Amino acid sequence: MINLETPKKQKALISQAHQVAMNLLRPNSRKYDKAEHEYPVELDMLAAMIDGLSESGASEGAGAAGVRRSEDAGADKGVKNGTNLASVLSIQEMCWGDVGLLLSMPRQGLGNSAIASVANEEQLERFKGVWAGMAITEPGCGSDSANIQTTAVLDGDEYVINGEKIFVTAGDRADAIVVWATLDKSLGRAAIKSFVVRKGTPGMTVERLEHKLGIKASDTATIRFEDCRVPKENLLGSPEIDTKQGFAGAMATFDNTRPLVASMALGVSRAALELTRDLLEQAGVVIDYDRPALAQSAAAATYLQMEADWEAAHLLTLQAAWMADNRKANSTEASMAKAKAGRMATDVTLRCVELAGTVGYSEQDLLEKWARDSKILDIFEGTQQIQQLIVARRILGKTSAELK
Ligand SMILES: Cc1cc2nc3c(=O)[nH]c(=O)nc-3n(C[C@H](O)[C@H](O)[C@H](O)COP(=O)(O)OP(=O)(O)OC[C@H]3O[C@@H](n4cnc5c(N)ncnc54)[C@H](O)[C@@H]3O)c2cc1C
């Protein structure tokens, strides 16, 4: 097994995240699994703490935000372990505590990653401290995000947004939503831009909240935009429609967010592995790292196989995040990490339920919940199949028109 050391400067952050996960998220895990749609008030205190850390400069990527590529990283300055790596490491710890609660953490939304990735300096300053969800999915467009129907039309100094977004994580609780809309449907993917729409903007209405299989602590909203006017300065990045660049601008967000979702998968599956290991040991199963897995009991062999699968996902995730920190193109690696980690977490958490038998299936412990929570990590930010398609296209050098 390869044992990677956590970079020294990130050790304090990881340890803090673990303490929070152990003392705040885990103890409230079942409570908000039962009380779907109830706001987890305990997180407000945590947000205040994270704000304090950010202001003091002591925190670097304590949640799903802060994944902007560092300007000072470059070949001439040596390798860098930066914000992307810190984010995946701390998110993994937090999701060891609870994925749904991590997704409900104020100011740590996936929209924050979009802002961090695409916003200009002025926007970064203006949207500092804003908790942002991300709205891409529509009733007629999920995996095929190039098919977005929501429109944004420039009228004077404002864009007028019309359309419907579904399954928006933190869509009700967040302070703002980063909405993907097209400036001109006839120009295809290149015309898709993202806009920050603040909560309370007239014309933006939360229609309903979903009831879900897992991550019940996280609110998932349907939001309607009807002649919703936002200042033209809220378009993230450049308003130019560069048909040569195509979708690349908007898609850059995913290079940063996919490793984060992969790290969520690592966290929840590690929780399941640790508990399963304890349960197996209590049942007298010996897991021996010095003997071939297949020479051991079936339970031990299964466990070792799951750990190896986890380790592979872990390494891919670290690689994708590290590449982002070092300004290396990481689209392929981000998709590889997301595909591997999403599949691994779904398999591992369900197999842990199986290995633990009745204890695994009952609500007495959290194994059944982790199996439910992990499925979404194989779906949002691009499904398993879509990640595989992206990786295949890149390896084979095919365009999206050639391989679909
Ligand atoms: C709890 C939850 C939270 C979410 N949060 C957000 C959010 O915050 N923001 C947001 O914008 N969206 C969010 N989503 C939506 C999520 O990103 C989409 O569900 C996802 O992108 C898949 O889209 P779809 O559901 O329309 O499925 P579809 O695109 O209809 O796909 C259905 C199935 O077909 C497969 N498939 C599709 N195309 C291909 C292909 N070319 N080749 C092979 N297989 C294919 C898919 O992998 C999938 O298994 C959330 C969803 C859930 C359930």
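Just so it is clear, none of the values below were taken in a lab; they were calculated from the coordinates. Keep in mind it's a predicted model, so treat the numbers as computed, not measured. Ideal geometry is used to build each Cβ from the backbone, glycine not excepted, and the neighbour counts take in all protein chains shown.
List of remarks:
- Among Met134, Met264, a tally of other beta-carbon atoms within 10 Å of each Cβ gives an order, fewest to most, of Met134, Met264.
- Each of the peptides 107-116, 164-173 was scored by the mean count of other Cβ atoms within 10 Å over its residues; in descending order, highest first, they stand as 107-116, 164-173.
- Fraction of beta bridges assigned by DSSP in the chain that are antiparallel (%, nearest 5): 85 percent
- The stretch between Gln384 and Ala401, if pulled fully straight at 0.36 nm per residue, gains 4.2 nm over its current Cα-Cα span.
- Sorted peptide list for 5-16, 151-162, 286-297, criterion being average Cβ within 10 angstrom, highest first: 151-162, 5-16, 286-297
- Label point distance in nm, Ala295-Lys9, each placed 7 Å from Cα along Cα→Cβ: 4.5 nm
- Taking all Cα pairs closer than 8 Å and separated by 6 or more residues, the relative contact order of the chain comes to 17 percent.
- Charge tally for Thr243 (other residues, Cβ to Cβ under 13 Å; Lys, Arg +1; Asp, Glu -1): -1.
- Local electrostatic count at Ala190 - Lys and Arg +1, Asp and Glu -1, tallied over other residues with Cβ under 14 Å: +1
- Region 164-200 and region 32-46: distance between their alpha carbon centers, rounded to Å: 26 Å
- Amide H contacts under 5 Å for Met134: Leu110, Gly111, Thr169, Val178, restricted to partners 5 or more places along the chain or on a different chain, H placed in the peptide plane at 1.01 Å from N.
- Each Cα pair under 8 Å and six or more residues apart adds its sequence gap; the mean of these over the residue count of region 163-287 is a relative contact order of 27 percent.
- Protection proxy ranking of 396-403, 299-306, 89-96, 38-45, by the mean of other Cβ atoms within 10 Å over each peptide's residues and highest first, is 89-96, 299-306, 38-45, 396-403.
- Counted charge near Gly111, where neighbours are those whose Cβ lies closer than 13 Å (Asp, Glu -1; Lys, Arg +1): +3
- FRET efficiency estimate (nearest 0.05) - Cβ-Cβ, Asn120 to Gln364, R0 41 angstrom: 0.20
- Relative contact order (percent, whole number), region 233-310, Cα cutoff 8 Å, 6+ residue spacing: 22 percent
- The separation of region 228-289 from region 147-161, counted between C-alpha centres, amounts to 29 Å.
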